[in-house]
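Only one structure is covered here, and it is reproduced in the block below.
The values are calculated or read from the model by the stated rules, or taken from the named source; none is laboratory data. Quick caveat, the model's predicted, so the values are computed rather than measured. Please note: Cβ atoms are built from the backbone with ideal geometry, for glycine as well, and neighbour counts cover all protein chains shown.
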Amino acid sequence: MSKISVIVPCYNEQDVLPQLFERLGAVAATWGMDYEIICVDDGSRDRTWDLLKSQYQKDSRWRCLSFARNFGHQTAVFAGLSHAYGDYVAVMDADLQDPPEFITACLTKLDEGYDVVYAVRRQRKENLFKRACYAAFYRLLKFIAEIEIPLNSGDFCLMRQCVVAVLRDMPERNVFVRGLRAWSGFRQIGLEYNRDARAAGDTKYPFRKLVRLAMDGVFAFSAFPLRLATYLGFASLAVSIGASVIVILWKIFNFHLLGHYPSEVPGWTSIVCLILFMGGIQFLILGVMGEFIGRIYNEVKLRPRWIIRETLGIERDHPDHSRPR
């Protein structure tokens, strides 16, 4: 009999977990195959782990692992992938914005010969500002990324084990799961769905974390920021040369420019403007380089990507994918 693993990262989700247990359990019973649900507690400070332990005691198919601290949503997803060995592996959020019922439609689509079925958000329930930011980010990423990353697709998906095995062998620390999934190749297709509002509780992805996730996506799958620094360097050089030519001609021919003759202006304003312009370009280039160097530094330290504090139903002598080979 085939088996499906469902990965659910959790962070301070005590308010929504009872609904998750009920809805996901009811849907899983209709799949007609063996299943396991791997809940990854990402260092929660509320009663999330207590509720997960209680659910495991009721149904041992709800397997759980708890991080020693908060390592981040993408790391929690990757830890779940590292412990998921079902024939099919689904990834969904605990807040029920990703409807568990959608996994059934994904299973049907896999039967058509696809290896990955990812969810494409047709409609969001967030505020206008967030929707605008999401739209701008996905279009920017599509424009500059070196691979094809589908618009409006998140981590919510269903994959065959062959795809998960490829992801499992990727040693990155600054993980952008949807990008790695697209990079892996295989036969992939998107299915549209309406993304619901949170079933309960508050969002665990504030704007600051969303910006950080967006930066991980941009810097992990595009060298465009480095090339942009080069383009800006050439542009600033061209502007500087053009300004220098104008100032020299103004001085030689003594014509009226911007309401003044050269003898009337000592030249400090133009010098200060050029210095500020060039300084801004240099700091921008240094900032872009710093982002890449910081990620390189994070990779070469070779620290574990996560630390497990406790597990339920998961073998502790499991291969340690938290530490890159």
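Descriptive notes on the structure:
- Among the conditions (1) more than 27 Å from Asp169 (Cα to Cα); (2) modelled with pLDDT under 90, the only one that Ser54 does not satisfy is (2).
- Top-ranked residue of the range 12-25 - restricted to ones that are without any contact (Cβ under 8 Å) to a residue 40 or more places away in the chain and either of a type outside the set (Asp, Glu) or not assigned by TED's automatic domain parsing to the domain that holds Leu107 (or both), ranked as farthest from Asp41 (Cα to Cα): Gly25
- For Cys39, the criteria (1) within 24 Å of the chain's Cα centre (by Cα); (2) farther than 19 Å from Glu13 by Cβ; (3) of a type in the set (A, V, I, L, M, F, W, C) hold in every case but one, which is (2).
- Only a single item in (1) among the charged types (D, E, K, R); (2) assigned to a helix (DSSP H, G or I); (3) modelled with pLDDT under 80 is not met by Arg181, and it is number (3).
- Which numbered condition Arg69 misses (of (1) loosely packed, with under 15 Cβ neighbours inside 10 Å; (2) more than 20 Å from the chain's Cα centre (by Cα)): (2)
- Strands (runs of 3 or more DSSP E) (entirely within the range 21-92) containing at least 2 residues that are among the charged types (D, E, K, R): 34-41
- Check on Ala105, surrounded by fewer than 20 Cβ atoms within 10 Å (Cβ to Cβ), assigned to a helix (DSSP H, G or I) and of a type outside the set (Ser, Thr, Tyr): yes
- When Phe71 is tested against (1) closer than 21 Å to Gln19 by Cα; (2) touching a residue at least 12 places away in the same chain (Cβ under 8 Å); (3) not β-branched (Val, Ile, Thr), only condition (1) is not met.
- Restricting attention to the range 13-44 and to residues that are closer than 20 Å to Trp306 by Cβ and modelled with pLDDT under 90, the residue that is surrounded by the most Cβ atoms within 10 Å (Cβ to Cβ) turns out to be Glu13.
- Taking the range 108-123 as the range and being basic (Lys, Arg) and in contact with a helix residue (DSSP H, G or I) (Cβ under 9 Å, 6 or more places away or on another chain) as the test, only Arg121 passes.
- Of all residues in the range 1-44, those that are of a type in the set (Asp, Glu) and closer than 18 Å to Asp87 by Cα total 2.
- The range 157-177, residues that are closer than 19 Å to Tyr85 by Cα and not β-branched (Val, Ile, Thr): Cys157, Leu158, Met159, Arg160, Gln161, Cys162, Ala165, Leu167, Arg168, Asp169, Met170, Pro171
- Filter pass, Gln57 being over 24 Å from the mean Cα position of the chain (by Cα) and either not charged (D, E, K, R) or not assigned by TED's automatic domain parsing to the domain that holds Pro171 (or both): yes
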